[in-house]
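Encoded as structure tokens, the structure appears first; notes follow it.
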Amino acid sequence: MPKDAAVEEFARLVRALKARDGRSYEALGRRLSVSASTLHRYCSGATVPEEFAVVDRLALLCGADEEERRALEAAWTEADRARRRTASPVPPLTPVPTAPESTAEPAAPEPGPGPAPDPAAPPAPPNRSPRGARAPLLVAAAVALVVLAVAAALLGHATRKGSAPAPAATPPGRAEAPLPFTWSVGSQLWEGGCGHTYLVDRAPRAVAPPPVAADAGAWAAKHSAVHGGEALVRITLQGRSPSDAVVLHALHVRVVDRATPLPWSAYRMDNGCGGAVTPRRFAVDLDRPRPLARPVDGVDASGAEVRTIPAVSFPYKVTSSDPEELLVSARTADCDCRWYLELEWSAGGRSGTVRITDGGKPFRTSGIAGRPAYLYDSASAEGRWITDAKS
């Protein structure tokens, strides 16, 4: 029997996520807390997960953006409905009770004149007994029971405990209300504009010289580099109105994957540091079971003296004329962590949560303890990476 089209579409999207990531069913299953065979059944369409949460974790782990995750959730909703339709048991047919048969035959009406018989037509079936005439009633009753069972199953699905009805589609021509503020994120920052470490799965001779900080993103993408030990993420927020303030209530850290630190070499970008200003700084310890964004003192080292900028906790307010910049320092020694941030806000009777990601993918930070470490020797004639004696 062919699978439902909705289930096939959902399975196709899950297979695409798995293929994009490249890891085995067993490796992905460990990170999702499901067995390899269960994940394989999702990909083949043999089954549909009871809840969307496990599929959402898979999407985040494989780097799906917001639009892909919305499409995946819509496909899961339709597939889940199809699964419940096919899983609903059909109740057994119950005979319709009938009154005891009378010993007297009912009087038949006088036959009226009819059309002349067609010699080519097949002979008419023999007259049925009154018991045979009750068969259409039994069939009609069975059909009614099946219809009632299916309706009850669908109603139970829509109101089952712990779930909510599928969100209504946005009517054509009506867009969702825009956020009352704008935000942008920078994920390739260096401490003080100079100090940073990347993990790269290449030998020193295959690694280009360190770039200037402004070109860090292109260099990291070219080498498939991962932040080593610490990742700095800058979030810039600005209201859309000069008078109506947006209140920022909290910043949450969500770790979607933990693995053993990468066994790659560490390349240090240090090339001499200058002054820097780091206000509104938040420290995150990714090695904790539930990491928190903890406000810490900032530093102003742009002048002759280093000045401490006291930490300020939430809430913050932003308008179009009074923007805000948050700097998150996420450190780890024990894991290869994939994570993202959630920012709670409210304004003008509205409220919500914005998910802060690295271009639609989780941020990634890996420990560097015990890894071979290199510095770039720019003083030599040819310029080359040399072993860091301090490592």
Hits in region 53-74 (condition: under 15 Å from residue 32 (Cβ atoms), part of a helix (DSSP H, G or I) and of a type in the set (A, V, I, L, M, F, W, C)): 53, 54, 55, 58, 59, 60, 61, 72
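The rows are residues; the columns are (1) within 23 Å of the chain's Cα centre (by Cα); (2) part of a loop (DSSP other than H, G, I, E, B).
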{"site": "314", "(1), (2)": "no, yes"}
{"site": "317", "(1), (2)": "no, no"}
{"site": "321", "(1), (2)": "no, yes"}
{"site": "325", "(1), (2)": "no, no"}
{"site": "338", "(1), (2)": "yes, no"}
{"site": "343", "(1), (2)": "yes, no"}
{"site": "354", "(1), (2)": "yes, no"}
All positions within region 360-391 that are part of a loop (DSSP other than H, G, I, E, B) and without any contact (Cβ under 8 Å) to a residue 60 or more places away in the chain: 370, 379, 380, 381, 382, 389, 390
Qualifying positions in region 189-245 - in a strand (DSSP E or B) and in contact with a Pro (Cβ under 7 Å, 6 or more places away or on another chain): 236, 237, 238, 239
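Tally the residues that are of a type in the set (Val, Ile, Thr) and in contact with a Ser or Thr (Cβ under 9 Å, 6 or more places away or on another chain), restricting the search to region 315-337.
Matching residues across region 315-337 total 2.
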Some residue of region 36-43 being under 21 Å from residue 254 (Cβ atoms), among the basic types (Lys, Arg) and surrounded by 14 or more Cβ atoms within 10 Å (Cβ to Cβ): no
Unmet criterion (only one of (1) assigned to a strand (DSSP E or B); (2) over 21 Å from residue 268 (Cα atoms); (3) of a type outside the set (Ser, Thr, Tyr)) for residue 287: (1)
Number of positions in region 313-351 that are loosely packed, with under 12 Cβ neighbours inside 10 Å, in contact (Cβ under 8 Å) with a residue 12 or more places away in the chain and out of contact with any strand residue (DSSP E or B) (no Cβ under 6 Å at 6 or more places or on another chain): 3
Pairs where the first residue, in region 301-312, is modelled with pLDDT under 75 and the second is assigned to a loop (DSSP other than H, G, I, E, B) and surrounded by 10 or more Cβ atoms within 10 Å (Cβ to Cβ), C-beta under 6 Å, 6+ apart: 301/275; 301/276; 302/275
Any hit, region 366-383, residues being buried (at least 20 other Cβ atoms within 10 Å of the Cβ) and closer than 30 Å to residue 314 by Cα: yes
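The values are calculated or read from the model by the stated rules, or taken from the named source; none is laboratory data. This one's a predicted model, so the numbers in the text were calculated from it and none came from an experiment. All Cβ positions, glycine included, derive from the backbone under ideal geometry; neighbour counts span all protein chains shown.
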